[in-house]
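Enquirer: Take this structure first; my questions come after.
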Amino acid sequence: MTLKVTRRQFFKLGAVGMATSSMAMMGFAPEPAVASIRHFKLTGAKITRSNCTYCSVGCGVLLYSRGDGAINSIDNIYHVEGDPDHPVSRGSLCPKGAGLLDYIQSESRLKYPQVREPGTHEWKRISWDEALTRIARHMKDDRDANFVDQDAEGNTINQWTTTGMLAASASTNETAYLSQKIARSLGMVVLDNQARV
Amino acid sequence: MNHAYGNAPMGVMDPPSVVLPKQEHFAQRAQRLCDLSERIEPLRDFLAFMAQLSRAQQRALERNTPAWLPEPDAFVLALEHGMPPLGTQALCRDIDFHSELTALLDGLDLHIGEAQRPLLDTLRKLPKEEIDRLAQEVLEARPGPEASRGLMPLIAAALQVAWLRLVRTLPHPPKRPTAEARSLCPCCGSLPVASVIQIDSKRSGVRYLQCGLCATQWYLERSKCSVCDQSGKLDYLSLEDEAGERLLPTQAETCGDCHSYLKIMPCEFDAHAEPLADDLASLALDLLLAEEKQYRRSGFNPLLIVGE
């Protein structure tokens, strides 16, 4: 991407220039102001545009974060507000969206795959590879056992009704398209979206 | 839209893209400068003087009658075609800021300290051509000759009165500037002094740039650099004292793409924040940033002019 600089006029407002600034020339000593900066420090915040993940409206939000710009600074988010420039939501958020900060900071927020084995009452952390392999195994076994390729009259129907899929809310059109294609190509009949729930 | 139960929002927020300054703008700025002068000890006298200057600007705006005013329909074409109707270069020969300056100096006479009195005397004696030359420096945001730099803020104050008076005569606000000129004032084409995030219900959380000359405010998206349009490497830096308390509402919106900054005042932190006044009061922020040597200042404040 090329950098488009729309205007190039800059001003040198620093300690060096204060002696010849209009302020000094008007008879106001700049020294106290220059000395005062020793009592202050600069603190930074970032504002990142994002979308609310709750429903299909996809309201715009601004996420305020502190930190040094490290990539995984999600823990540092301290404020969330509606994005007034977003063409759909224009700064508004519903009560769920307005509470996004608690959702981000929630102690019970799911951050990695977990499994509760049959007959046990404890959640066990597993890797993504393990989780995906297990899901694929369950799907394959269930599909092999329950897939219906013909109805009673001999018409080909290729249905798999014993497993369903609930897709995510903040999906893009492209993600929604792929979810639909994958689920339907397996013969899956029950497919819904969390945004409608 | 009417709701039987409770007070639901009145539909979708549709903030105005350009907001013209109010008639009492200078009086409000004066009040803010006065408050700030009591809070910022190292700049007390300077801000108190600027408060007096703003008060004198308000009096000049209300009482002076300039020798030249444009025809009532003079701006129709410019407004229709998205040109700044009060462009500084087009109007600087016609506009009568000399009478505004005289009114300003008369209004200041009784209210300033001994150290500043020679400024008034010098300005009164200065030939018209010399004042015109300094005014041109101000309008082009140049630093001017060092020897006369102390006079420039007073001339700038007169120019502010002259332009704000014309802005008040516009039949309606201009349209939002086109993409190439988005960071130049849609009324007069000058540079912004800083930006402000509003809190009133019609434009809650919406950001506006404010013109350093005519105080017009115009819309710019949040979290976007006003110089290079990028939004990827913005930081919002503010001053904290040793106890971790925020000194002023002002932050510097610094851009890591073009290495410039413009100050931004979220009214959420202080409802009375006024971009030009708070810019002067937060001089320490500029000085600290200058020490860091990473970012150059893009905001132009004609009441504080520095050399090159």
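Enquirer: Filter segment B:248-257 for residues that are of a type in the set (A, V, I, L, M, F, W, C) and either buried (at least 24 other Cβ atoms within 10 Å of the Cβ) or closer than 17 Å to A:LYS46 by Cα (or both) and give the result.
Expert: Within segment B:248-257, the subset of a type in the set (A, V, I, L, M, F, W, C) is B:248, B:252, B:255.
Those that are of a type in the set (A, V, I, L, M, F, W, C) and either buried (at least 24 other Cβ atoms within 10 Å of the Cβ) or closer than 17 Å to A:LYS46 by Cα (or both): B:ALA252, B:CYS255.
Enquirer: Take the residues in segment B:153-181 that are away from chain A (no Cβ under 14 Å), out of contact with any strand residue (DSSP E or B) (no Cβ under 6 Å at 6 or more places or on another chain) and assigned to a loop (DSSP other than H, G, I, E, B), then tell me which one is farthest from B:ALA67 (Cα to Cα).
Expert: B:LYS175
Enquirer: If B:HIS272 passes every condition in (1) of a type outside the set (Val, Ile, Thr); (2) in a loop (DSSP other than H, G, I, E, B); (3) buried (at least 24 other Cβ atoms within 10 Å of the Cβ) but one, which one does it miss?
Expert: Among (1) of a type outside the set (Val, Ile, Thr); (2) in a loop (DSSP other than H, G, I, E, B); (3) buried (at least 24 other Cβ atoms within 10 Å of the Cβ), B:HIS272 violates only (3).
Enquirer: Exactly one condition in (1) of a type in the set (D, E, K, R); (2) within 7 Å of chain A (Cβ to nearest Cβ); (3) in contact with a helix residue (DSSP H, G or I) (Cβ under 7 Å, 6 or more places away or on another chain) is false for B:GLU274; which is it?
Expert: Going through the list (1) of a type in the set (D, E, K, R); (2) within 7 Å of chain A (Cβ to nearest Cβ); (3) in contact with a helix residue (DSSP H, G or I) (Cβ under 7 Å, 6 or more places away or on another chain), B:GLU274 breaks only (2).
Enquirer: Sticking with this one: Of the numbered conditions (1) within 9 Å of chain B (Cβ to nearest Cβ); (2) at pLDDT 90 or above, A:LEU63 fails exactly one; give the number of that condition.
Expert: Looking at each condition in turn, A:LEU63 falls short on (1).
Enquirer: Quick one: which residue in A:SER36, A:SER56, A:SER89 is touching a helix residue (DSSP H, G or I) at 6+ places or on another chain (Cβ under 6 Å) and facing chain B (nearest Cβ under 9 Å)?
Expert: On the way: A:SER56 fails: facing chain B (nearest Cβ under 9 Å); A:SER89 fails: touching a helix residue (DSSP H, G or I) at 6+ places or on another chain (Cβ under 6 Å).
The match here is A:SER36.
Enquirer: Would a scan of segment A:27-42 turn up a residue that is on the phi > 0 side of the Ramachandran plot and not acidic (Asp, Glu)?
Expert: Among the residues of segment A:27-42, at least one is on the phi > 0 side of the Ramachandran plot and not acidic (Asp, Glu), which makes the answer yes.
Enquirer: For segment A:24-33, give me the residue count where each residue is more than 7 Å from chain B (Cβ to nearest Cβ), among the small types (Gly, Ala, Ser) and outside any loop (DSSP other than H, G, I, E, B). Lay out the reasoning, then the answer.
Expert: The initial filter retains those residues of segment A:24-33 that are more than 7 Å from chain B (Cβ to nearest Cβ), namely A:24, A:29-31.
Narrowing the set further to residues that are among the small types (Gly, Ala, Ser) leaves A:24, A:29.
Still in the running and outside any loop (DSSP other than H, G, I, E, B): A:24.
Residues flagged as more than 7 Å from chain B (Cβ to nearest Cβ), among the small types (Gly, Ala, Ser) and outside any loop (DSSP other than H, G, I, E, B) within segment A:24-33 amount to 1.
Enquirer: Give me a count of the residues in segment B:182-209 that are surrounded by 19 or more Cβ atoms within 10 Å (Cβ to Cβ) and in a helix (DSSP H, G or I). Explain how you work it out, then say what you get.
Expert: So the first thing to find is which residues in segment B:182-209 are surrounded by 19 or more Cβ atoms within 10 Å (Cβ to Cβ), and the list is B:182-198, B:203-209.
Subset that is in a helix (DSSP H, G or I): B:203.
Result for segment B:182-209: 1.
Enquirer: Within segment A:34-57, does at least one residue satisfy the condition of being assigned to a helix (DSSP H, G or I), under 15 Å from the mean Cα position of the chain (by Cα) and surrounded by fewer than 18 Cβ atoms within 10 Å (Cβ to Cβ)?
Expert: Just the residues of segment A:34-57 that are assigned to a helix (DSSP H, G or I), to begin with: A:34-39.
Cutting the leftovers down to under 15 Å from the mean Cα position of the chain (by Cα) gives us none.
No, segment A:34-57 contains no residue that is assigned to a helix (DSSP H, G or I), under 15 Å from the mean Cα position of the chain (by Cα) and surrounded by fewer than 18 Cβ atoms within 10 Å (Cβ to Cβ).
Enquirer: Just need a number here: residues in segment B:216-237 that are under 15 Å from B:ALA194 (Cβ atoms), in contact (Cβ under 8 Å) with a residue 40 or more places away in the chain and either surrounded by fewer than 20 Cβ atoms within 10 Å (Cβ to Cβ) or among the aliphatic types (A, V, I, L, M) (or both).
Expert: Number of matching residues: 2.
Enquirer: Still on this model: All but one of (1) out of contact with any Asp or Glu (no Cβ under 7 Å at 6 or more places or on another chain); (2) closer than 28 Å to B:GLU41 by Cβ hold for B:ARG297, so report the exception by its number.
Expert: Only one criterion is unmet by B:ARG297, namely (1).
Enquirer: What's the number of the only condition in (1) under 21 Å from A:GLN9 (Cβ atoms); (2) more than 14 Å from every other protein chain (Cβ to nearest Cβ); (3) of a type in the set (Gly, Ala, Ser) that B:GLY189 fails to meet?
Expert: (2)
Enquirer: Continuing with this model, one more query. For A:ASN146, are the conditions met, namely being touching a strand residue (DSSP E or B) at 6+ places or on another chain (Cβ under 8 Å), over 30 Å from B:LEU220 (Cα atoms) and modelled with pLDDT under 95?
Expert: No; evaluated as a whole, the condition is false for this residue.
The values are calculated or read from the model by the stated rules, or taken from the named source; none is laboratory data. Source: prediction; values computed, not measured. Cβ: placed from backbone, ideal geometry, glycine included. Neighbour counts: every protein chain shown.
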